[in-house]
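What follows is one structure encoded as structure tokens, with my remarks underneath.
None of the figures in this text is laboratory data; all of them are computed from the coordinates on show. It should be emphasised that the depicted structure is a prediction, and the values quoted were computed from it without experimental measurement. Positions of Cβ are backbone-derived with ideal geometry, glycine not excepted, and every protein chain shown enters the neighbour counts.
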């Protein structure tokens, strides 16, 4: 009897945004694998740190941080073979995935190597995109809006075209592209409808209108949401911004 | 002291896909409100039925089913005043939201009426879009894909243009538009990359390649996902389809 491979969506960062299902499966798995940078802690592991026990075997998958974040496929081939040995031995393996496993995630690289060899289940998670809209206090999309999700590294022409053609937009993977994207949104006359969100759902989260952002770069875990149907913000956010401006 | 208004994302239908946070808040609220059709059960209430207790006061918000599903705003104005009376009396109120509250949901109509009067928190949920990708065993979107979410009632020309311009597409609110949309996808030569998902995560869910769907109409809780990067399916789904074809 081989073990089962689970891809567990962990949500945007708050450990309480795990689903009941991901929480149950996580606790039941003797082997827990997660992506980790070559230096520093694994964000995925940090999310579930409150739930891990010393009895679980941890398998970090070291993914060197690079600008484009499309790591070499050998890393996943090697990791898949390590996990295969545990699955062959009958152990269930949980692979931790920030957000949702199949929403711009790296779990697909393990899934395509292992799902035809072992029973595999993907447990969906809360996307940071939905958490960002919740924090800003405005719909991600509504009614018959077209919602477009755009990775920040795309060319200006593509970004401008798709932003103009959509009622609602989420721009992800911003990082070093932040300044360029902000200019582009200003050129489209949409700054007042754009919100900026960083490390959403964590204690250190930052949420604000794009117009209020002082920096010219953004961390990897940040996004911009544009909702053309409203220029309003969550009242708690609006009152905090008002207090800052009055101070 | 007034109560707090919570918009609780419940996920796609499996009660275990609630987040730990939504589960905790749901149990703590003395008042639980939810959309309900004029006849038949409320889907949102069904999702959390295992967690409700007799001590909780239930407030159904009757939303008559109509083809376009954009109900009259008076319904929400009246419901907001009912909830306001409970909030004024100091009771916390949980509003149940299928999927995520701000992803094409109706919670926005209560939020815009109540959030500036009472402390309000929106708890994001797992979208059926993510659950559908998990079930099909293929990414919703990956790398630098453009992902476009398209409501089915949109015109053919808009749908065709956006589908052609995106690496990944989710078509929601299909219902009576199913046959038209399927023809449109065939005309674009993308049928082999399209998956169909109905009532995802529930016991009666149906997942299959679009090419395998025999019917000409689809229920409201269905969607089509197109992922241009792959024509493969979850191995469990592929083997089930193979067995059906062999039978």
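Classify the range A:5-123 as rounded, prolate or oblate from the Cα gyration tensor: take a ≥ b ≥ c as the square roots of its eigenvalues, call it rounded if a/c is under 1.5, otherwise prolate when a/b beats b/c and oblate if not.
Cα axes put the range A:5-123 in the rounded bin.
Inter-copy label distances for residue B:175: 4.2 nm (label point placed 7 Å from Cα along Cα→Cβ; shortest first).
Using only the Cα atoms of the protein assembly as shown, build the gyration tensor, take square roots of its eigenvalues as a ≥ b ≥ c, and label the shape rounded, prolate or oblate: rounded if a/c is under 1.5, else prolate if a/b is larger than b/c, else oblate.
In terms of gyration-tensor shape, rounded.
Restricting to the protein assembly as shown, compute how many DSSP beta bridges are antiparallel as a %, nearest 5.
In the protein assembly as shown, approximately 40 percent of DSSP beta bridges are antiparallel ones.
Once the Cα atoms are used to define both axes, helix B:235-246 deviates from the longest principal axis of chain B by about 60 degrees. By the beta-carbon count within 10 Å of each Cβ, the least crowded to most crowded order of B:121, B:204, A:244, B:215, fewest first, is B:204, A:244, B:215, B:121.
Sorting A:1, A:129 from the fewest to the most surrounding beta carbons within 10 angstrom yields A:1, A:129. Take each residue in A:145-157, count the other chain C-beta atoms within 10 Å of its C-beta, and the mean is 5. Taking the label point 7 Å along Cα→Cβ, residue A:54 and its counterparts in the other copies are spaced 4.6 nm apart, in ascending order. Of all DSSP bridge pairs formed entirely within chain B, close to 40 percent run antiparallel. For residue B:244, inter-copy separations between label points set 7 Å beyond Cα along the Cβ vector come to 5.2 nm, shortest first. Averaged over residues, the count of other Cβ atoms within 10 Å places the peptides B:98-111, B:227-240 in the sequence B:98-111, B:227-240, highest first. The largest-to-smallest principal axis extents of the Cα set in chain A are 61, 38, 36 Å.
Return the average number of partner chain Cβ atoms within 10 angstrom of each residue Cβ along peptide B:103-110. Numbers along the way, then the final one.
Details: counts 11, 9, 4, 1, 2, 9, 1, 0.
Partner Cβ neighbours, averaged per residue: 5.
Would you mind telling me the antiparallel percentage of the DSSP bridges in the range B:128-246, rounded to 5?
Beta bridges within the range B:128-246, antiparallel portion: roughly 70 percent.
Note on B:145, B:155: ascending count of other Cβ atoms within 10 Å places them as B:155, B:145, the fewest first. With axes computed from alpha carbons, what is the tilt in degrees of helix B:73-88 against the longest principal axis of chain B, rounded to the nearest 10 within 0 to 90? Taking Cα atoms only, the helix is inclined about 50 degrees.
With a 10 Å cut-off around each Cβ of A:1-9, the average count of Cβ atoms from other chains is 1.
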